[in-house]
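Since every read-out is calculated from the coordinates, none of them should be taken as a lab result. Remember, predicted model here, so these are calculated numbers, not experimental data. Cβ placement follows ideal geometry from the backbone for every residue including glycine, while neighbour counts extend to all protein chains displayed.
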Amino acid sequence: MRLKRITRSEIAFYQFERWQGLAHGIFTRNGGVSSEPWASLNLGGNVGDRPEAVRENHERMYAAAGVNGARACTVWQVHGVDTLIVTGPVRGRRWLAQADAMVTDQPDTPLTMRFADCTPVLFYDPVKGVIGMAHAGWRGTVNGIAARVVGVMQRAFGCRPADIQAAIGPSIGPDRYQVGEEVVDAVMRYFGTTDGLIRRDPRDGTAYLNLWEANRRDLERAGVEDIEVAGLCTATRTDEFFSHRAEKGRTGRFGAVLSL
């Protein structure tokens, strides 16, 4: 899979080229109606932006992706590993539950989440017709959220890991994600090594985490063979993406959406 940048009605988003028959997109921050510091396609409803602007931005995202916004499903993201099996939206509720991943085999049921440095991980099993999406920050990553989604797809829908295609989207890159020693210890506990996952600055020994490689390795350990890494750093590309770290917390959230 390779990334393709698409612009529709001033809305810019990325698709994985291999999934051209699958409605999906990882959206940039551009083309919305929010003012600074959330300019402009902010999808985060709890960052201080005007609710009406956030609603309009969602509508623009759904229209650009060609999905049914009335059927869209999302969760209240809490940096955990809980994974929901989604059958459709719940009347009168904006969020299905507190969770950080969703899977579904239902057509016309878009999954959508919000990001600002954490890693979007998208899943697709073309054999069983199942999709999934995860929000993987460092906590979710070192607790195996990527592998957790694979396990749910296996148990709930009979997916074979070898049939699952996974895509690791834009997030903070390994050169920008400085972390503390508690994160280094958590990486060691979960992966059994920090090699290729933690880089030390030779000048002062500070640690940097490679979220892309950590999630790729977790997927691989779960049996997934087809893994694409976007390789786009949100902290470096604040012209395209919101970055909580680079913008010191005063920023919006970009969206990802995926639908059968």
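The residues of region 49-74 that are out of contact with any Phe, Trp or Tyr (no Cβ under 6 Å at 6 or more places or on another chain), farther than 17 Å from GLY25 by Cβ and surrounded by 16 or more Cβ atoms within 10 Å (Cβ to Cβ), listed by number, are ALA53, VAL54.
When region 154-188 is filtered for residues that are part of a loop (DSSP other than H, G, I, E, B) and closer than 21 Å to ALA230 by Cβ, the ones remaining, listed by number, are ILE164, GLY169, PRO170, ILE172, GLY173, PRO174, ASP175, ARG176, TYR177.
Note on region 169-208: residues that are of a type in the set (Gly, Ala, Ser) and free of Cβ contacts under 8 Å to residues at least 24 places away in the same chain amount to 3. From the list GLY92, GLY151, GLY88, GLY132, the lone residue that is in a strand (DSSP E or B), farther than 24 Å from GLY249 by Cα and not hydrophobic (A, V, I, L, M, F, W, C) is GLY132.
Counting the residues of region 95-110 that are part of a loop (DSSP other than H, G, I, E, B), hydrophobic (A, V, I, L, M, F, W, C) and in contact (Cβ under 8 Å) with a residue 24 or more places away in the chain gives 1. Restricting attention to region 7-39, which residues are surrounded by fewer than 20 Cβ atoms within 10 Å (Cβ to Cβ), in contact (Cβ under 8 Å) with a residue 40 or more places away in the chain, over 18 Å from the mean Cα position of the chain (by Cα) and closer than 22 Å to ASN68 by Cβ? Of everything in region 7-39, those that are surrounded by fewer than 20 Cβ atoms within 10 Å (Cβ to Cβ), in contact (Cβ under 8 Å) with a residue 40 or more places away in the chain, over 18 Å from the mean Cα position of the chain (by Cα) and closer than 22 Å to ASN68 by Cβ turn out to be ARG8, SER9.
Any idea how many residues of region 46-85 are at negative phi, outside any helix (DSSP H, G or I) and either under 19 Å from the mean Cα position of the chain (by Cα) or in contact (Cβ under 8 Å) with a residue 40 or more places away in the chain (or both)? Looking only at that region, the number is 18. Here PRO202 meets the list (1) surrounded by fewer than 17 Cβ atoms within 10 Å (Cβ to Cβ); (2) touching a Pro at 6+ places or on another chain (Cβ under 8 Å); (3) not polar (S, T, N, Q) almost entirely, failing just condition (2).
A Cβ distance below 6 Å, combined with a sequence gap of six or more or placement on separate chains, defines the contacts here; from region 223-248, residues that are farther than 19 Å from ALA167 by Cα reach residues that are charged (D, E, K, R) in the pairs ALA235/ARG176; ALA235/ARG245; PHE242/ARG29; PHE242/ARG253; SER243/ASP117; HIS244/ASP117; ARG245/ASP117.
Across region 141-187, the qualifying residues are those that are touching a Ser or Thr at 6+ places or on another chain (Cβ under 7 Å) and within 12 Å of VAL130 (Cβ to Cβ), and the one among them that is surrounded by the fewest Cβ atoms within 10 Å (Cβ to Cβ) is VAL152.
For region 189-217, give me the residue count where each residue is under 13 Å from THR141 (Cβ atoms) and not in a loop (DSSP other than H, G, I, E, B). Counting residues in region 189-217 that are under 13 Å from THR141 (Cβ atoms) and not in a loop (DSSP other than H, G, I, E, B) gives 12. For first residues located in region 111-126 and more than 16 Å from GLY140 (Cβ to Cβ), partners that are surrounded by fewer than 24 Cβ atoms within 10 Å (Cβ to Cβ) and of a type in the set (Phe, Trp, Tyr) and lie 6+ apart or on another chain with Cβ distances below 8 Å form the pairs TYR124/TRP19; ASP125/PHE157. Within region 75-91, track down each residue that is surrounded by fewer than 19 Cβ atoms within 10 Å (Cβ to Cβ) and hydroxyl-bearing (Ser, Thr, Tyr). Selection gives THR87 alone.
In this structure, does THR251 turn out to be surrounded by fewer than 16 Cβ atoms within 10 Å (Cβ to Cβ), in a loop (DSSP other than H, G, I, E, B) and out of contact with any Ser or Thr (no Cβ under 6 Å at 6 or more places or on another chain)? Spelling it out, it is not the case that THR251 is surrounded by fewer than 16 Cβ atoms within 10 Å (Cβ to Cβ), in a loop (DSSP other than H, G, I, E, B) and out of contact with any Ser or Thr (no Cβ under 6 Å at 6 or more places or on another chain).
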